[in-house]
Amino acid sequence: MTDNMLNTGDIAPDFTLPQDGGDPVTLSQLAPAPVVLYFYPKDNTPGCTTEAQDFSTLLPEFQALGAHVFGVSKDSLKKHENFRTKQDLSVPLLSDADGDVCERYGVWGEKKNYGRTYMGITRTTFLIGADGKIAQVWNKVKVKGHADEVLKATRALADQ
């Protein structure tokens, strides 16, 4: 991961990214609603599919809390649209094709897998509060149970 990983209490960098099947999303225009941004490596891979399905299943519960949830990767809008259709996903996906937002959130960096070193997105989730500050960060996410954990934290944030 890069050295500029954001931490709890930091102001979430504003951005505008294209959304699959919808208008571009500008983070600052979503305020004062809480926002969940989950960064994931690649569409249609096992872990990323499970994570997107889990967030899709829980999306109505996030929405009941007034929260927005977005998956973010460097995949193109076309790949996102195919991924959503193939996996019947309801969670909106944002395309950070040039990697600028990944860099600013500190999730783009060197990874190692099976002895191979390469650059990629480290699976990371940010919960952004109504004040635009990062309320919680999950680094190097393990997919199983993660969406439930983020929902629990979003509930706690909504209760404050």
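A few remarks follow.
- Given Lys86/Lys152; Lys42/Lys78; Lys79/Lys111; Lys86/Lys112, the pairs whose alpha carbons are separated by over 18 Å: Lys86/Lys152; Lys79/Lys111; Lys86/Lys112
- Gain in span if fully extended, Ala156 to Lys42, counting 0.36 nm per residue against the direct Cα distance: 38.1 nm
- Here, region 1-40 has an Rg and a Dmax of 11.9, 33 Å when only alpha carbons are counted.
- Under the Karplus curve 6.51 cos²θ - 1.76 cosθ + 1.60, θ = phi - 60°, whole-Hz ³J(HN,Hα) for region 125-140, x wherever Gly or Pro sits: 10, 10, 9, 10, x, 4, 7, x, 9, 6, 8, 7, 10, 10, 9, 6
- The phi-based Karplus calculation (6.51 cos²θ - 1.76 cosθ + 1.60; θ = phi - 60°) puts the 3J(HN,Hα) values of region 96-109 at 10, 4, 8, x, 4, 5, 4, 5, 5, 8, x, 9, 9, x Hz, whole numbers, x for Gly and Pro.
- Simple label model, 7 Å out from Cα along Cβ direction - Gln29 to Glu81, nm: 1.9
- Magnitude of the charge dipole, region 87-160, Cβ model with Lys/Arg +1 and Asp/Glu -1, debye to 20: 440
- Modelled spin labels at Tyr114 and Leu65, positioned 7 Å past Cα toward Cβ, are 3.6 nm from each other.
- Listed peptides 139-146, 99-106 by packing density, highest first (mean Cβ within 10 Å): 99-106, 139-146
- Helical mean residue ellipticity (222 nm; -39500 (n - 2.57) per DSSP H run of 4+; nearest 500) of the chain: -9500 deg cm²/dmol
- Heavy-atom accessible surface of region 99-154, averaged per residue, reaches 52 Å², computed with a 1.4 Å probe.
- In region 47-138, Rg over Rh equals 0.98, where Rg is the alpha-carbon radius of gyration and Rh the Kirkwood radius from pairwise Cα distances.
- Set against the 2.2 N^0.38 Å expectation for a compact globular protein, region 67-109 has a Cα radius of gyration ratio of 1.21.
- Overall Cα dimensions of the chain - principal axes, largest extent first, Å: 44, 35, 29
- 20 Å cut-off, amide nitrogen to a point 7 angstrom out along Ser90 Cα→Cβ, residues in region 11-28: 19-23
The values are calculated or read from the model by the stated rules, or taken from the named source; none is laboratory data. Keep in mind that this is a model prediction, so the values were computed, not measured. Glycine gets a Cβ as well: all are built from the backbone with ideal geometry, and neighbour counts include every protein chain shown. Protein only, heavy atoms only, side chains kept; ligands, DNA and RNA dropped before computing areas. Shrake-Rupley method; radii C 1.70, N 1.55, O 1.52, S 1.80 Å.
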